[in-house]
Amino acid sequence: MSDGGPEESGGAVGLPSRRRRPTPMSQWDPAARVSYWAFHANRRPAYMRFAYLQLGSDAAAEEAVDAAFDSIMGEWLRMLHMDRLDAYAWTVLKQCIVGRQHLLNPWRRRPEPMDISAFEAALKDAHADQYEVLTDTIRFYSAVSRLAERQRDAVLLRYGLRISPGEAASVMGVDEATVRSYLGQAHRRLARLLDTSADPAGRPDGADSAESAGS
């Protein structure tokens with residue numbers, strides 16, 4: 001891994017290097033310390049809320065976020081030279097969440113969002129019958145879990161955390177246009193998935209897989 005920026009493979013940002021010992025913060029220059037703690041203060045609230053959506057527990061979310069910031073601190077001096085510092089940090093957070101999910105449930109193969117209170121509230125705003133709200137929430141929850149990872153991240157940040165596309169872009173370390181593209185793809189995919197789940201006859205799995213590949 002080069003020191004000039006994050007290593008990418010298929011859109012994924014490289015993870016922290018294990019080949020060197022991190023420089024203790026006590027040896028950092030004052031500007032580096034200030035920039036790290038500013039980043040910590042700015043990102044921790046959103047990271048905590050996102051981790052909670054994925055893990056469903058304050059304690060588990062805090063452990064995952066603390067682990068992420070420990071890794072980020074160890075790489076901070078190198079990260080300051082990266083073009084996509086936020087994207088690198090986001091990848092570190094996602095890996096820590098996956099690690100915590102594995103500890104909580106070693107048999108789960110795929111990370112899934114667990115807290116859907118924001119979606120429940122949105123559905124209740126429609127003044128629907130409580131049974132229908134529950135049914136729609138379960139369907140929506142299931143559909144979100146089947147989105148591509150970046151689409152799911154964008155949906156959870158935009159609607160789970162209720163932040164703007166611009167704010168979601170900052171957290172994910174991408175352009176706002178990219179987040180809007182993810183959201184557009186997610187909307188189309190969710191529309192197909194929810195339409196399928198509402199149809200008692202359903203559609204063949206193969207048709208759904210073909211659509212997924214094009215999302």
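Place a point 7 Å from Cα of ASP70 in the direction of its Cβ. Which residues in region 167-188 have their backbone N less than 20 Å from it? Within reach of a label on ASP70: no residues.
Calculate, for region 33-74, the solvent-accessible area per residue in square angstrom, rolling a 1.4 angstrom probe over the heavy atoms of the protein chains.
I get 43 Å² per residue for region 33-74.
Quick one: net charge around ILE72, please, counting Lys, Arg +1 and Asp, Glu -1 for every other residue with C-beta under 11 Å from its C-beta. It works out to a net charge of -1. Charge tally for ARG180 (other residues, Cβ to Cβ under 14 Å; Lys, Arg +1; Asp, Glu -1): -1. The calculated FRET efficiency for the pair ALA59 and ARG146, based on their C-beta separation and a Förster distance of 25 Å, comes to about 0.35.
The modelled label-to-label distance between GLN27 and HIS40, using points 7 Å beyond Cα along the C-beta direction, is 1.9 nm.
The modelled label-to-label distance between VAL98 and ALA191, using points 7 Å beyond Cα along the C-beta direction, is 3.1 nm.
The values are calculated or read from the model by the stated rules, or taken from the named source; none is laboratory data. Given the structure is predicted, the values throughout are model-derived calculations rather than measurements. Cβ sites come from the backbone with ideal geometry, for glycine too, and all protein chains shown count toward neighbours. Please note that ligands, DNA and RNA were not included when accessible areas were found on the heavy atoms of the full protein model with its side chains. Shrake-Rupley method; radii C 1.70, N 1.55, O 1.52, S 1.80 Å.
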